[in-house]
Each structure stands twice: as C-alpha cells, then as structure tokens.
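Written below as structure tokens is the structure these notes are about.
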Amino acid sequence: MTSRAARSAQFGAAEADGIIRCDACPVLCRIRPGRAGACARYANADGVLVRTDPVLALAQAVDSNAPVVPFAERDWDGALMDPSRVFLTGVGSGTTYPDYKPAPFIVGSVQDGVDTVTVVTEGMFSYCGVKVKIDTDRHLGPETAAVRVNGEQVGHVTTAEYGSQMLSIGGVRHLTGGSKKEGVVTCDTLLKLCDAQAVEFTIDGGHAVVVQAGAAPIVDGTPETRMRVGCGSAAVGIFAQQWAGHVDEVIVVDDHITGVLSEHQAGRVLEMRPAGIRVRGRRSTPGRYFQVAQPGLGWGGTDITDPLAIIERIDPKLAWPGLRLLFTSTTGDHALYCVLDESLRPIAAAMPPAVRAVVDRIGENCEPSLCSVVFMAGAGGSLRAGVTQNPVLLTQSVARGETRVTMGGAPVYLWPGGGITVMADVLRMPRLAFGHVPTPAIVAPIEFTLPRALYETLGGHMDQVVPVADVLRSLGEDLRIATWHDGNPWPFAR
C-alpha cells in the first residue's frame, strides 16, 4: 500500500463508476476519478481518496542561523533529521469528521526523557472569526457599525483600544445565519485575512479601509504611517518638561482626551502660568477635555482641519499679548504655532526650532501603524473526540495547563471558562495554514501535546499512537518540511 493510500484509508466510501464519496466534512462530495472535491483539499486518485496538500512538519535547525532545507525526495527514510527536533503540524493532516474517528496523526516522541504524545488534526470551524487591530487614531466608523465586503456584512466595529481601532470579523452568525452569499463572502474574507492577504472593507457610516496582517492600513486610499504616542493628556504629560520655557500653552488635539498643558497637572507641577485658553467640549479633570470635536480623519482622529476651531474663548484676565501657543496632534503629523496679538487673537508664526524638536519627538515616539489579525475559534466535539473517547477530560486537562494547544505550531491564548476557545496570531502560523469547506467553515490546524501517561489517563486512542520517525518515513512525498518559527516557543519545552 502506498503512503498516500495508507494515509487516506480512513476516509471515503467507494461508489459505482469509480466515484468516491468523501466523508471528511458534512458536504459529502461525490468525487469522480481525477477530480477534487468542492474544497479542493481531497481528490480521487485512481480510486483512492487522497489529501491534495502535503502534511507540514516544522523542524528546528541545528544551526539557528541556517534554515532547514525542504526535503522532497521520494525515498527519504527520515535519517537526515533528529525526530526530537521535528514537530508535525495539523496543516494538511485531514479531519476527524464524522467526529468519532481518531485524529489523522497521533504521534509519539521522547522529549527530554519524557514519553510525549501529540495529537495532530485539522478542525472545521463554523464557530470562528478574526479580531483585527488597526493601529490608527483615524475614525473608521461608529462602534457596532456593520463592516462589509462586496456589500455583504462580514462583521462589525467593536470597542477601540489605546491607539487602535478594532474590528470583529466572521463568527457563526455571518457564516451560517444569513444568506448563502453572506456566508460565502464571510468565509472568503476570513481565509484571505488568515493568509495575510489584503482585504478592503467598507464601514457603514464610516470609511473604507484596506487591512492586511503585518502591513499598514489604508484608509480611504491613504496609507497610515504612525500609531499615536498616546491620548492628548498622555502626550501633554510625556513632553511637558521639554516644552516648558519654550511655549506658554500647548493643546494636544485628540478625539478621546484633548490635553491642555497649563491646566494639566503636569503644567501645574512645572509652575506654568495659566494661559486662559478654554477649549470646546466637556471638561473632565484639569487639562483634560472630552468631545472637543466629532470623530473623523483630521487632527488626532477628529474632524478638525483648523485647530483654532476648538477654542471656545480666551480669557483676557489670564491671557496676554505675545502668549506662545502650540497646537499638535497625537502623532505629530499636524502642528501649528501661534502668538497672540494685541487683541489676543492667535496669529500663525514660524515655529521655533526648540518647539519643532519636541513635535518631531512625538513622531519619533509613535510606533509604525500596522494591522494585526488574530484567529479565534472554539474546539468542539469532533476535535475533542478525535483526541479522547471522553472529551470533557481533554477540556479539563487543557484548562489546567497539562495539555498544550498549538495551531500550526504557533502558541495560542486559551480563554478561561468552559470549552476550548483559543486565539492565535496568524503571522506566527505557517503560510497557507488555513482552508475551507463549503458548509461554509474555516479549516485550521490544531495540535494537542501532552505526556503519554496523561494521554492514557484521559482515555486517549492509545492504539493509534505511532512513533514520529515512523510517521515521517511513511508520509514520503506527502510530507513538506519547513523551518520552525523562531519567535514561537517549542511545544515540547517544559
């Protein structure tokens, strides 16, 4: 029996005319010889249902500066690699559908003298989505506003975080709870985002934004470059001492908290003279103002293009002719230096070098604006049944930290509470780690690593445990080897 046939023996049922009914997912495609199923992940090769993509193994290089060279020879016997330095991932492994079957690979190895088992599979996730973090203070859209691709809602705007706008994309309601087109578009969007491809969103009541993991966002056709150093109040506090003596008042314009230096505690500690310039909005605490303007693409994430517009009044009892006034945004992209004339009107003037240096320093302290994509999913019944005959024991073991969960070798964040709900940074996962099935659902790799003795205690499929060297050798041409991601912790490390 060939390695490919051996790998596929647990899948499919033969029908007339050489057709195979694939049972790797609920679609149950009937695949003719030489053709692939709807997901393109399984094909009929001479009457055998085969996986079209090779299984991915990640190997630690002996020399950390030298990448592992992918090995594709048919007759490789595994002797060129130390099995203890190889981690078999779920990428390309296959599924456990219809749930009761053991995982495609249950691999045994010895790590630091400990007998270890890694259960390797792919999950079909209908309950999944991504959280997108967009480093910008620009207003993208109102909270809870619909996020669309090609007119179909695929998610919504969620709560903004410090210096970043956040989107929630996918989820079971968009995958299965709407129209067929909505589900297809949502699935395609998730697949592209997880593969670090660019996706253009439109936001109801907001703007268009192009998102790509690891790249700068593009808002209404303009690439973002800087993530704000902090809110207006934070910027005032950070740079107050550097401004002291060079300006009499600084107003840092921000959509959330606009800072006014002479009123702020930082200005008071520096014994700055009150300047008497009152900005619009709701005064929170001294030197901190909310709602000075509407959200937008202007200064500090507001709709302001002329910062003088946020001045509500200038108190003649406190202000004086010649008062030096600086406006700046939270990224330093925008700045205006003014001097009050005899009528206490702000008049634009050349910015002194010492003041310009501090504005430039704001920009220096802004990190590059990037998009981050985190895949989030719940590992349900089929995954857990592929690991153990009593799935709740696996859930409890994962919650206790006894069983380590990875996705394509990448570390996951495990949500507390019931179930196995995990999140993983797609950039720490192998490229092309994700697939789909037309139900629609996302297919993603997942691995469970634990001591062999514990695996037996959990009711694991002990008769399916195969030494890692034998697995690597048997896969032959169905194995792809890549270098381990240096930024990821080694799953076998104690």
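For this structure, a couple of remarks:
- Members of the stretch 326-381 found to be open to solvent by 40 Å² or more (accessible area, probe 1.4 Å), under 28 Å from THR136 (Cβ atoms) and among the polar types (S, T, N, Q), listed by number: ASN365, SER372
- Scan of the stretch 418-435 for residues that are open to solvent by 60 Å² or more (accessible area, probe 1.4 Å) and in contact with a helix residue (DSSP H, G or I) (Cβ under 9 Å, 6 or more places away or on another chain), ordered by number: GLY418
- The residues in the stretch 363-389 that are at pLDDT below 95 and of a type in the set (Val, Ile, Thr) can be counted, and the count is 2.
- Figure legend. Inter-residue proximity from the stretch 389-413: first residues part of a strand (DSSP E or B), second residues aromatic (Phe, Trp, Tyr) and surrounded by fewer than 20 Cβ atoms within 10 Å (Cβ to Cβ), beta-carbon distance below 9 Å, spacing 6+ or different chains. Indicated pairs: ARG404/PHE492.
- Scanning the stretch 1-50 for residues that are crowded, with 19+ Cβ neighbours inside 10 Å, hydroxyl-bearing (Ser, Thr, Tyr) and either modelled with pLDDT of 85 or more or assigned to a helix (DSSP H, G or I) (or both) yields a total of 1.
- Wholly within the stretch 130-248, strands (runs of 3 or more DSSP E) carrying at least 2 residues that are β-branched (Val, Ile, Thr) and in contact (Cβ under 8 Å) with a residue 60 or more places away in the chain: 208-211
- Answer residue from the stretch 125-164, given it is polar (S, T, N, Q) and open to solvent by less than 10 Å² (accessible area, probe 1.4 Å) and is farthest from ALA441 (Cα to Cα) among those: THR136
- Some residue of the stretch 440-447 being open to solvent by less than 20 Å² (accessible area, probe 1.4 Å) and acidic (Asp, Glu): yes
- Test set (1) open to solvent by less than 50 Å² (accessible area, probe 1.4 Å); (2) in contact with an Asp or Glu (Cβ under 7 Å, 6 or more places away or on another chain); (3) modelled with pLDDT of 95 or more; (4) not hydroxyl-bearing (Ser, Thr, Tyr) - LYS181 fails condition number: (1)
- Residues (of a type in the set (Ser, Thr, Tyr), under 21 Å from LEU140 (Cα atoms) and open to solvent by less than 50 Å² (accessible area, probe 1.4 Å)) located in the stretch 265-306: THR302
- Residue match in the stretch 425-433 (condition: under 23 Å from ALA215 (Cβ atoms), under 21 Å from the mean Cα position of the chain (by Cα) and of a type in the set (Asp, Glu)): yes
- Of everything in the stretch 95-115 that is in a strand (DSSP E or B) and within 30 Å of the chain's Cα centre (by Cα), the residue that is farthest from GLU402 (Cα to Cα) is PHE105.
- When the strands (runs of 3 or more DSSP E) confined to the stretch 425-494 are screened for residues that are touching a Lys or Arg at 6+ places or on another chain (Cβ under 8 Å) and not aromatic (Phe, Trp, Tyr), those reaching at least 3 such residues are found at 441-451.
The values are calculated or read from the model by the stated rules, or taken from the named source; none is laboratory data. Owing to the predicted nature of the structure, the values given are computational and were not obtained by experimental measurement. Methodologically, a virtual Cβ is constructed for each residue, glycine included, from the backbone with ideal geometry; neighbour enumeration extends over all protein chains shown. Heads up: the accessible areas ignore ligands, DNA and RNA and are worked out on the full protein's heavy atoms, side chains in. Shrake-Rupley method; radii C 1.70, N 1.55, O 1.52, S 1.80 Å.
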